[in-house]
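Values quoted throughout were computed directly from the atomic coordinates according to the rules given, and no laboratory measurement underlies them. The structure presented is a predicted model; accordingly, all values stated were derived computationally and were not measured. All Cβ positions, glycine included, derive from the backbone under ideal geometry; neighbour counts span all protein chains shown.
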Amino acid sequence: MDRRINKTGRQMRSRGRNTREGAGKWRLFYEIYPDLRWQPADSAVDWFEVALHTEMPEYRPPNHPISREVFHDLVGVAEALIQHLKSPSLYSIGRYGPYFTLHPPASGEFTQTTLSRSLSLVFYNVGLYTQLREPPILTEIKNQLSQLNVFQFQSSSGTICR
């Protein structure tokens, strides 16, 4: 039996509040892969990745207290996201991380590149995902992330690489 079913409403509200407080402490953002805008029009996949990122002022080793706290907050956002999905039995979810990433700003000014602590959620068997049709679960995830004040990373076309 899923542990999440046994939580009371008060515990779930408390967890959501803690997640939002943690999210307010750091600059959180996400990216969706594959970015089908840069693929042939007839490209279709049945999976996608939600990469959650927390901007860090400077590199800290993974065992450093700040790095651990940032990762704990990322896990909190990931768990809150998964907890609010409506049909979790219809697809598979893999959680991968932690890792570090570099993000140049949308302006392409590479001297302002930021370091982020990252965690990935990969959703499999989600139905057809194309340039013109995103799976309902992806729309649901984007809405949930917006409610948690986690916004999509905006990069310039010249800085997309993965």
### Query
How high is the FRET efficiency between HIS72 and TRP38 when r is their beta carbon distance and R₀ equals 25 Å, given to the nearest 0.05?
0.15
### Query
What is the distance, in nm, between label points placed 7 Å from the Cα along the Cα-to-Cβ direction at ARG27 and at ASN149?
1.5
### Task
Rounded to the nearest 0.05, what FRET efficiency do LYS86 and LEU128 give with R0 = 25 Å and r taken as the Cβ-Cβ distance? Could you check?
0.85
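May I ask you to compute the full-extension gain from ASN63 to GLU49, defined as 0.36 nm times their residue separation minus their alpha-carbon distance, rounded to one decimal in nm?
Numbers: separation 14, 0.36 × 14 = 5.04 nm, distance 2.55 nm.
That works out to 2.5 nm of additional length.
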